[in-house]
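Input: a single structure, listed below in structure tokens.
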Amino acid sequence: MVVEGESMPDFAKFFREATDNDPYPFQERFAEADSLPHLLRTPTGAGKTATAILGWLWRLASNKEDTPRRLVYCLPMRVLVEQSAREAKKWIRNLLERKAVEEMVPVHILMGGAEAEDWHLCPEKPAVLIGTQDMLLSRALNRGYGTGRFHWPIEFGLLNNDCLWVFDEPQLMGSGVSTSAQLAGLRAALGTFGTCPSVWMSATLEPCWLETVDFRGKFPGEPHELDKEDYDPTRPLHKRMTAAKTLAPLGVSLTKEGDDKEARKVAEQILAKHREARDTQTLVVLNTIKRAQKVYEALLDIRKKSKSASPQLVLVHSRFRPRERETLNEQLQQGGAAARDRILVATQVVEAGVDASSRTLITELAPWASMVQRMGRCNRTGDDGPGRVFWIDLDEKQSLPYSAADLAFARDQLKKLDGESVSPKALEDFKAKEKIELPFEHKHVLRRRDLLDLFDTAPDLSGNDIDIQRFVRGDDPDTDVQVFWRDVPDNGPTPQEPTPRRAELCSVPVGSVRDFLESLAAKKRGAGYVWDHLDEEWARLDPKRVRPGLTILLPAPVGGYDWDEEARSGKGWDAGNPKRVIPVAGESRPEEAAGSDPNSARGGQALTVTCHTANVCREIDVMLMALGALVSSWTDHLKKAARWHDVGKAHDAFQHGMRRANPELDRAQLWAKSGKHTRLYHGRKHFRHELASALAGLQMELPFEVAYLLASHHGRARLTIRALPGEDEPPEPDTPFALGVHHGDTLPTVELGEGHTWRAGKLDLTPMRLGGERSWTANAMKLLTELGPFKLAYLEVLLRAADVRASTKEADHA
């Protein structure tokens, strides 16, 4: 990535080009290390985000050996993912404008929705991927929340090969800590294409937290920490680390969840402390959304009764749609005049990734690690002092979502610090003096057999999938689903209702949505809907079947969301709000079904199988050239797979779909693209041309590795070949059939270019039978064992990306 003809600048100059600031000494040591540390331990406010992103980018631009192409930046909270992405884009744009790098490195937010699906098309190019632990770890486990089933293997392959994983504030991730460590250990044990290291960044995480069964003893050295040079009073970091702020109790306690009188008392104390500081910003952090909403409502009521427009009031939590969240983020980042006389009421979402500062911080009692993070939001830069931190004690019954024991430990420490400084440096010294080592229990540990089970993306015979909640967040009762609101007919959405876009998805706790849907059913006010990929319809959702990771369509009239566009504020998800929700405008494509093939009917120019095959072969050549030695041993297999991937489209069932989509097509030709933008309906239900391609490949005696890639390149047929419910059965009894292909179907002659030809013949579907040397499942499992799940999925990605890239160019340049 170094600009041709120029030498690579040192990291300090590179950092200045990106940020207009000098790096701190620890940031330089991080970037220039022979190998990256596994654990970066630094106080909050020291610039961990810039350390990780610019450190990786500099190493990549310097062509440092074994630097992965992708940076995966994982945050525990969703509200400010956009902030990290915005900063990364700004830094990269500055580097490009100042010619410190020669090409733009794209930054993608992985939060679910249709727009998130294009990042996978360039696996050979650098990219920054930013998201929450829910969205990233679920994808790394092959069960991506907020994405379609057939997209899971793509993200699994790309997030487990040629990546640097960075976990920001992992002490807030629960079981995500165990899973992140296990994935790192399993990648090392099972093998990946390219390196795939992990870095955990935290002020409070202990090295022993990462001692899982497959990652134990894998640390290359001591944690990377600040040293005397960083704390030197003549250096700029010293001001942040010693920023003046003192601790005191607020003088009120909370004993009842959602109690209006208690919320009023807290609100009155908040206003009193806010007014003492005069024309400054106050940040209030509460442990539950319900309490945050109650206190916010009480503050609004007090302000209304005083007939005053001040102070400004803003509520921030994780249950807003991205469109409204962007508005709230803008307000959070505004300083100067915009932050005068303002109270921000928030939940734990401000603990990680928030670069906002306040003169006064008021927080509920929380575990010690969370208290350290929250105190870092008071007088963050050293320019907002003297800072004041007040804490609200909680009755043991109000400890959730935390444990009473964790709160008791934190309470003891806060009492010791009463009236004392709580600057980052003071807290570091206090930790050393008190010998604080926070415990961590590995409740749910991902094992090798779990990972291998997750490689198979086909649902079980009852239609269910493996639940990964315990590996993503553990026993967190607030594990989420995503909901979005649309104007749909009274009897429910039609099959043409487009897939949701990221801007309209609101993350909501499973239990809250379940209760909301049960209430709708009881009052006969409507229902929620999920996409059924087998029946190709939006199906009414039984509230009892709500589970983490679902994406649920809600009719706009049922309510459940509060936002005032004029006031640019609101409560977000609000199950008790019956008012119609205004949907987020925009366009997207229809949902994919088991038998759909959107790339074959996306408009543009009609193309024959031969012509499209040539385009895919060109794309795979470009990709392999850029990847170089990374997959050099697989070059021949991938090129053969590209050449044969669409031979199955010659099947009459597929050609029927082509002619149905575009009746003007020449019947003498074999078509791969219809030239019309419409949903494709084949001659047989659930027909998959890639299975026909794989069977043809086996009969041409192509290596099984190639046949596997042919079958898997749309994510439908992978480890198993089995019929789906509702398929059209063969007229002859006992004839094997699966995915719309019948044993004995004739595939006509197909010219594939470069001298490759399939001569007309009958397809043999006996490999779908279990057992024996020709068994598809037996051979696929053998391949999985030999190659490992991460490498095998990555190879799937390459062929699939080449296919989609070719299809996209064909449609765009028609």
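The values are calculated or read from the model by the stated rules, or taken from the named source; none is laboratory data. This one's a predicted model, so the numbers in the text were calculated from it and none came from an experiment. Cβ placement follows ideal geometry from the backbone for every residue including glycine, while neighbour counts extend to all protein chains displayed. When the accessible area is computed, the model is the full protein with side chains, heavy atoms only, and any ligands, DNA or RNA have been set aside. Shrake-Rupley method; radii C 1.70, N 1.55, O 1.52, S 1.80 Å.
Per-structure values
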| quantity | calculated |
| --- | --- |
| Subset of the range 212-269 (residues that are in a loop (DSSP other than H, G, I, E, B) and of a type in the set (A, V, I, L, M)) | 213, 226, 243, 244 |
| Failed item, numbered, when residue 799 is tested on (1) open to solvent by 40 Å² or more (accessible area, probe 1.4 Å); (2) in a helix (DSSP H, G or I); (3) of a type outside the set (Asp, Glu) | (1) |
| Search result, residues across the range 141-174 that are open to solvent by 10 Å² or more (accessible area, probe 1.4 Å) and not aromatic (Phe, Trp, Tyr) | 143, 146, 147, 148, 149, 151, 171, 172, 174 |
| The lone exception for residue 99 - which of (1) open to solvent by 40 Å² or more (accessible area, probe 1.4 Å); (2) part of a helix (DSSP H, G or I) it fails | (2) |
| Neighbours by Cβ (under 7 Å, 6+ apart or cross-chain): first from the range 274-287, under 16 Å from residue 349 (Cα atoms); second of a type in the set (Lys, Arg) and open to solvent by less than 20 Å² (accessible area, probe 1.4 Å) | 283/377; 285/374 |
| Scope the range 772-794; condition buried (at least 23 other Cβ atoms within 10 Å of the Cβ), among the hydrophobic types (A, V, I, L, M, F, W, C) and closer than 23 Å to residue 633 by Cα; matching residues | 780, 790, 792, 793 |
| Number of positions in the range 6-50 that are part of a loop (DSSP other than H, G, I, E, B) and under 23 Å from residue 357 (Cα atoms) | 11 |
| Given (1) in contact with a Gly (Cβ under 6 Å, 6 or more places away or on another chain); (2) open to solvent by less than 30 Å² (accessible area, probe 1.4 Å), number of the condition residue 244 does not satisfy | (2) |
| Identity of the residue in the range 458-512, among the β-branched types (Val, Ile, Thr) and in a loop (DSSP other than H, G, I, E, B), that ends up modelled with the highest pLDDT | 488 |
| Positions within the range 247-275 being modelled with pLDDT of 90 or more, farther than 22 Å from residue 415 by Cβ and open to solvent by 60 Å² or more (accessible area, probe 1.4 Å), in sequence order | 264, 268, 275 |
| Complete set of residues in the range 115-168 that are among the aromatic types (Phe, Trp, Tyr), in contact with a helix residue (DSSP H, G or I) (Cβ under 9 Å, 6 or more places away or on another chain) and either at pLDDT 95 or above or not in a loop (DSSP other than H, G, I, E, B) (or both) | 119, 152, 156, 165, 167 |
| Residue 583 being open to solvent by less than 20 Å² (accessible area, probe 1.4 Å) and assigned to a loop (DSSP other than H, G, I, E, B) | no |
| Residue satisfying all of: in the range 729-762; of a type in the set (Val, Ile, Thr) and outside any strand (DSSP E or B); surrounded by the most Cβ atoms within 10 Å (Cβ to Cβ) among these | 735 |
| Index of the failed condition, residue 192 passing every other in (1) in contact with a His (Cβ under 9 Å, 6 or more places away or on another chain); (2) in a loop (DSSP other than H, G, I, E, B) | (1) |
| Pairs where the first residue, in the range 688-707, is free of Cβ contacts under 8 Å to residues at least 24 places away in the same chain and the second is of a type in the set (Ser, Thr, Tyr) and in a helix (DSSP H, G or I), C-beta under 9 Å, 6+ apart | 707/693 |
| Conditions (1) assigned to a loop (DSSP other than H, G, I, E, B); (2) in contact with a helix residue (DSSP H, G or I) (Cβ under 9 Å, 6 or more places away or on another chain); (3) farther than 30 Å from residue 715 by Cα; number of the one not met by residue 577 | (2) |
| Residues within the range 613-631 that are open to solvent by 30 Å² or more (accessible area, probe 1.4 Å) and closer than 15 Å to residue 706 by Cα, tallied | 0 |
| Criterion (touching a Cys at 6+ places or on another chain (Cβ under 8 Å) and open to solvent by less than 10 Å² (accessible area, probe 1.4 Å)) met by exactly one of 321, 325 | 321 |
| Residue 765 vs. criteria farther than 23 Å from residue 610 by Cβ and either crowded, with 22+ Cβ neighbours inside 10 Å or acidic (Asp, Glu) (or both) | yes |
| Answer from 629, 642 - the residue that is within 25 Å of residue 70 (Cβ to Cβ), in a helix (DSSP H, G or I) and touching a Cys at 6+ places or on another chain (Cβ under 7 Å) | 642 |
| Strands (runs of 3 or more DSSP E) contained entirely in the range 328-409, each with at least 3 residues that are open to solvent by 10 Å² or more (accessible area, probe 1.4 Å) | 387-394 |
| Some residue of the range 653-664 being out of contact with any helix residue (DSSP H, G or I) (no Cβ under 9 Å at 6 or more places or on another chain), small (Gly, Ala, Ser) and in a helix (DSSP H, G or I) | no |
| Options 692, 672; residue that is surrounded by 17 or more Cβ atoms within 10 Å (Cβ to Cβ), touching a Gly at 6+ places or on another chain (Cβ under 8 Å) and within 30 Å of residue 792 (Cα to Cα) | 692 |
| Residue 697 buried (at least 23 other Cβ atoms within 10 Å of the Cβ) and either modelled with pLDDT of 95 or more or not acidic (Asp, Glu) (or both) | yes |
| Any hit, the range 519-541, residues being buried (at least 21 other Cβ atoms within 10 Å of the Cβ) and of a type in the set (Val, Ile, Thr) | no |
| Flag if residue 49 is under 30 Å from residue 288 (Cα atoms) and over 18 Å from the mean Cα position of the chain (by Cα) | no |
| Qualifying residue in the range 713-723 (condition: out of contact with any helix residue (DSSP H, G or I) (no Cβ under 8 Å at 6 or more places or on another chain), modelled with pLDDT under 95 and either outside any loop (DSSP other than H, G, I, E, B) or surrounded by fewer than 22 Cβ atoms within 10 Å (Cβ to Cβ) (or both)) | yes |
| Filter result for the condition that a residue is under 10 Å from the mean Cα position of the chain (by Cα) and buried (at least 18 other Cβ atoms within 10 Å of the Cβ), over 84, 138, 62 | 138 |
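This table checks each residue for (1) aliphatic (A, V, I, L, M); (2) under 21 Å from the mean Cα position of the chain (by Cα).
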{"position": "308", "(1), (2)": "no, no"}
{"position": "325", "(1), (2)": "no, yes"}
{"position": "342", "(1), (2)": "no, no"}
{"position": "345", "(1), (2)": "yes, no"}
